[in-house]
Number of protein chains: 2
Amino acid sequence: MKRLKVSHNVIRRLPRYLRKLDELTEAGVGRISSSDLGQQLGLTPSQIRQDFSCFGEFGQQGYGYNVAALRDQVAAILGMNRGFRAILIGVGNIGHALMDNFCFSEWGVCLVSAFDINPALIGTSFNGVTIRGMEELENYLENNAVDLAVLAVPREAAHSVTERLVACKIGAIWNFTNMELTEPGSATIVENVHFSDSLLSLSYYMSERQDEEAARAARMAKKNAE
Amino acid sequence: MKRLKVSHNVIRRLPRYLRKLDELTEAGVGRISSSDLGQQLGLTPSQIRQDFSCFGEFGQQGYGYNVAALRDQVAAILGMNRGFRAILIGVGNIGHALMDNFCFSEWGVCLVSAFDINPALIGTSFNGVTIRGMEELENYLENNAVDLAVLAVPREAAHSVTERLVACKIGAIWNFTNMELTEPGSATIVENVHFSDSLLSLSYYMSERQDEEAARAARMAKKNAE
């Protein structure tokens, strides 16, 4: 696969392409032009062509994209076929929700174990995943191939657990703690899930509409007064 | 406040600016140039100036930005001072985690009530927020100002609850169900939280590093063979 340094924005769009292509497949669409795909995603056709050109040539001029082939290519670019193995740390509300409702395997990731400090949870299994005690973490990581830790511990434990993971040379952390894990001067890749970013975007759009409605009301009032 | 149609990408960056400005304030930084700010965020200075120019003039040529003032402006642009009121629907794992760990008020949103179908939860309070039965939803929305519903019900309930909310003319939905809520042909603004998008970005960066390591190993092997 061609792999150049690709901008963060392009990478952020790839999962959206994947979702749309899955949707199209489900709807029985076999082929789509960059302009139709763009319209459905709110992007320009040239943006779409440019995004995919980062990874090689996918479409055929005048024929559009083969939906199934493009879907497989995007999945491969995203590493969904690499069999990455993950552990979950912290089986509280968020951790439990992830074990319960989030289908890791759908995204090519295998959840191989979970860890917690709660004696009532340790030794139990959930959806086929065993929950181990935190004291077993280092030993487990030494004896099992793990690519990724899903961090769902309480905020106050975030830094100490991160230090333990980094000391074990974990490759990546998917961080749900709402704590900004500053680059720990290590090779660990950190992806922070910031619920607040999403809420604030929504808040922006709500504000925008509020302003539009106020402006419309003001215009109406002015018109009525004339 | 100046408000033009601003691109989605700019809006997505605003919460990151806010977090960085909060961090700078905490670190006692009073003033910052667009180039320093850019460096800390991985953006070019001109991108930063361009982003802020969408909302008016903030910086002073040669003097940089006043961190506290810029922070307040960004917060205002994001609508954090508008007192938006939210209800939570579904107090399962995710809903519980949001009530427990997510500080709505920190982002200017007031969580005024929660709803669930579980009789064991109905009538109880959590962090000062009362949990009501789902049958009270319409009546509550009729008698209380609510701007936003946080949707944390199981996937299979997502569509039916959305229909009820839209029928009540709810202004916005913050969707945690992992179901794509297609624009319901209504004025409701939907913000989907896709955990998978975040996981797949991480998977991309893990794959990229794997490829780089493989390439390095191949170069070494070739060199050793020569």
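The values are calculated or read from the model by the stated rules, or taken from the named source; none is laboratory data. Remember, it's a predicted structure, so these values are computed and weren't measured experimentally. For neighbour counting, all protein chains shown are included, and Cβ atoms are generated from backbone atoms with ideal geometry for every residue, glycine included.
Scanning segment B:90-114 for residues that are under 15 Å from B:SER125 (Cα atoms) and either in contact with a Cys (Cβ under 6 Å, 6 or more places away or on another chain) or of a type in the set (Val, Ile, Thr) (or both) yields B:VAL91, B:VAL112.
Tell me which residues, restricted to segment A:40-59, are in a helix (DSSP H, G or I) and within 14 Å of chain B (Cβ to nearest Cβ). Matches in segment A:40-59: A:GLN40, A:LEU41, A:GLN47, A:ASP51. When B:LEU70, B:LEU88 are checked against the criterion of being more than 7 Å from every other protein chain (Cβ to nearest Cβ), modelled with pLDDT of 95 or more and surrounded by 20 or more Cβ atoms within 10 Å (Cβ to Cβ), a single residue qualifies: B:LEU88. Checking the structure you have, find out if any residue of segment A:207-214 is outside the structural domain of A:LEU141 (by TED's automatic domain parsing) and either within 21 Å of the chain's Cα centre (by Cα) or under 17 Å from B:PHE104 (Cβ atoms) (or both). Looking for residues that are outside the structural domain of A:LEU141 (by TED's automatic domain parsing) and either within 21 Å of the chain's Cα centre (by Cα) or under 17 Å from B:PHE104 (Cβ atoms) (or both), one finds at least one in segment A:207-214, hence yes.
Of note, B:SER198 does not satisfy the criterion of being small (Gly, Ala, Ser), within 7 Å of chain A (Cβ to nearest Cβ) and over 19 Å from the mean Cα position of the chain (by Cα). Within the set B:LYS169, B:LYS223, the sole residue that is part of a loop (DSSP other than H, G, I, E, B) and either exposed (fewer than 15 other Cβ atoms within 10 Å of the Cβ) or of a type in the set (Gly, Ala, Ser) (or both) turns out to be B:LYS169. Checked against (1) at pLDDT below 90; (2) aromatic (Phe, Trp, Tyr); (3) closer than 30 Å to A:SER46 by Cβ; (4) touching a helix residue (DSSP H, G or I) at 6+ places or on another chain (Cβ under 7 Å), A:TRP107 meets all criteria but (1). Taking the numbered list (1) at the interface with chain A (Cβ under 9 Å from one of its Cβ atoms); (2) in contact with a strand residue (DSSP E or B) (Cβ under 7 Å, 6 or more places away or on another chain); (3) surrounded by fewer than 20 Cβ atoms within 10 Å (Cβ to Cβ); (4) touching a residue at least 12 places away in the same chain (Cβ under 8 Å) in turn, B:ALA145 passes all entries but (1).
When the test is whether a residue is of a type in the set (Ser, Thr, Tyr) and over 19 Å from the mean Cα position of the chain (by Cα), B:SER186 passes it. Answer yes if at least one residue in segment A:158-167 is at the interface with another protein chain (Cβ under 9 Å from one of its Cβ atoms) and in contact with a strand residue (DSSP E or B) (Cβ under 8 Å, 6 or more places away or on another chain), and no otherwise. No: zero hits.
The condition of being within 26 Å of B:GLN210 (Cα to Cα) and not in a strand (DSSP E or B) holds for only one of A:LEU121, A:LEU111, A:LEU141, that being A:LEU141. Are any of the residues in segment B:63-86 acidic (Asp, Glu), free of Cβ contacts under 8 Å to residues at least 24 places away in the same chain and not in a helix (DSSP H, G or I)? Within segment B:63-86, none of the residues are acidic (Asp, Glu), free of Cβ contacts under 8 Å to residues at least 24 places away in the same chain and not in a helix (DSSP H, G or I). In segment A:44-51, the count of residues that are in contact with a helix residue (DSSP H, G or I) (Cβ under 6 Å, 6 or more places away or on another chain) and hydroxyl-bearing (Ser, Thr, Tyr) is one or more.
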